[in-house]
């Protein structure tokens, strides 16, 4: 878990955009610590196509990587706080 923008608590992820575009049916797996240093995790499994479909709302770095800060706050858990679209990922919680 990282402090995003020094105010909000979030998980930071980067995913290779070109790899996702090449195989959009492949799953992207994200593990999020429930507590810093803990042994319990949230597991998100999403289709790469979800990133492609929402790419205009997500932040893409100059190195062609989706860069996301997924909120760790209960009121907007798993919502991207970096991109302009506030894309949510909670529906992919396994």
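Any read-out appearing in this document is the output of simple, stated calculations on the displayed coordinates, not a laboratory observation. Given the structure is predicted, the values throughout are model-derived calculations rather than measurements. Positions of Cβ are generated from backbone atoms using ideal geometry, with glycine treated the same way; all protein chains shown enter the neighbour counts.
Counting only Cα atoms, the size of the chain along its three principal axes is 34, 26, 21 Å, in decreasing order. You can think of it this way: the chain between residue 73 and residue 56 has 3.7 nm of extra reach, that is 0.36 nm per residue less the Cα-Cα gap.
As a footprinting exposure proxy, order 71, 49, 23, 62 by other Cβ within 10 Å, with the fewest listed first.
Working: 71 21, 49 15, 23 10, 62 5.
Ranking 71, 49, 23, 62 by Cβ neighbours within 10 Å, fewest first, gives 62, 23, 49, 71.
The label point for residue 31 and the one for residue 9, both projected 7 Å from the Cα toward the Cβ, are 2.0 nm apart. In terms of other Cβ atoms within 10 Å, 40, 80 run from fewest to most in the order 40, 80.
Counting beta carbons within 10 Å around each of 25, 77 and listing the fewest first gives the order 25, 77.
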